[in-house]
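Below is one structure, written out as structure tokens; the observations come after it.
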Amino acid sequence: MRTLALFFAALAALTLRAHTVSLGNVVCNEGAKVAIPLLLDEAQGLASVAIEVTYDPLVLVPAGVRQGTLAERFDLAFSALEADGQTTVVCAAENNIAETGGGVLAVLDFTVRPGSEGLY
């Protein structure tokens, strides 16, 4: 009985493994076009993900969202929804991803508004 309980505890720990999502850092001048990578540290075990990115619309003008190389590598269905000050990236795989690896999930393209010097 004790072995069975340890097995289920180990299984739960594998299932609850956290994935880390981050944005690449970009420094630019006003009026510049920027491509900001949306990074995922590990895709193994992932079946779907929806990530909401909030930005300051007084500083950035969205120019689009592109599928990243990670989505191509794992054959993820990709979509993005944009609203003022918010972009939502959604990716889904047919089955949980078995292989290990992380990378760029999406690329967020923006133009930096003129007159936004010193803003972040």
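The values are calculated or read from the model by the stated rules, or taken from the named source; none is laboratory data. All figures in this text were calculated on a predicted structure; none of them were measured in a lab. Because the Cβ atoms are built from the backbone with ideal geometry, glycine has one as well, and the counts that use them run over all protein chains shown. Just the protein is used for accessible areas: all its heavy atoms, side chains included, with ligands, DNA and RNA removed. Shrake-Rupley method; radii C 1.70, N 1.55, O 1.52, S 1.80 Å.
Do any residues in the range 80-97 that are under 17 Å from VAL61 (Cβ atoms) have Cβ atoms under 7 Å from those of residues that are modelled with pLDDT under 85 and open to solvent by 30 Å² or more (accessible area, probe 1.4 Å), where the two are at least six apart or on different chains, and which pairs are they?
THR87/ALA80
List every residue pair whose Cβ atoms lie under 9 Å apart, where the two residues are 6 or more positions apart in sequence or sit on different chains, the first residue falls within the range 22-34 and is free of Cβ contacts under 8 Å to residues at least 24 places away in the same chain and of a type outside the set (Val, Ile, Thr), and the second residue, located anywhere, is loosely packed, with under 13 Cβ neighbours inside 10 Å and in a loop (DSSP other than H, G, I, E, B).
SER22/ASP41
In the range 66-85, what residues are open to solvent by less than 30 Å² (accessible area, probe 1.4 Å) and modelled with pLDDT of 85 or more?
Selection gives GLY68, GLY85.
For the structure I just gave you, tell me whether ALA43 is farther than 11 Å from VAL112 by Cα, part of a loop (DSSP other than H, G, I, E, B) and hydrophobic (A, V, I, L, M, F, W, C).
The answer is yes for ALA43.
Any idea which residue in the range 38-55 is nearest to VAL26 (Cα to Cα), counting only those that are open to solvent by 50 Å² or more (accessible area, probe 1.4 Å) and hydroxyl-bearing (Ser, Thr, Tyr)?
Filtering first and then ranking leaves THR54.
Run down GLY31, GLY45 and say which single residue is at pLDDT 60 or above and farther than 25 Å from ALA93 by Cα.
GLY31
Can you find a residue in the range 25-34 that is open to solvent by 50 Å² or more (accessible area, probe 1.4 Å), of a type outside the set (Gly, Ala, Ser) and in contact with a His (Cβ under 8 Å, 6 or more places away or on another chain)?
no
Go through the range 47-80 and give me each residue that's hydrophobic (A, V, I, L, M, F, W, C), part of a strand (DSSP E or B) and under 13 Å from the mean Cα position of the chain (by Cα).
VAL49, ALA50, ILE51, VAL53, VAL65, PHE78, ALA80, listed by residue number.
Can you name every residue in the range 86-103 that is part of a loop (DSSP other than H, G, I, E, B) and either in contact with an Asp or Glu (Cβ under 6 Å, 6 or more places away or on another chain) or open to solvent by 50 Å² or more (accessible area, probe 1.4 Å) (or both)?
Correct list: GLU94, ASN95, ASN96, ALA98, GLU99, THR100, GLY102.
Check off (1) open to solvent by 80 Å² or more (accessible area, probe 1.4 Å); (2) hydrophobic (A, V, I, L, M, F, W, C); (3) touching a helix residue (DSSP H, G or I) at 6+ places or on another chain (Cβ under 6 Å) for LEU58 and give me the number that stays unchecked.
(3)
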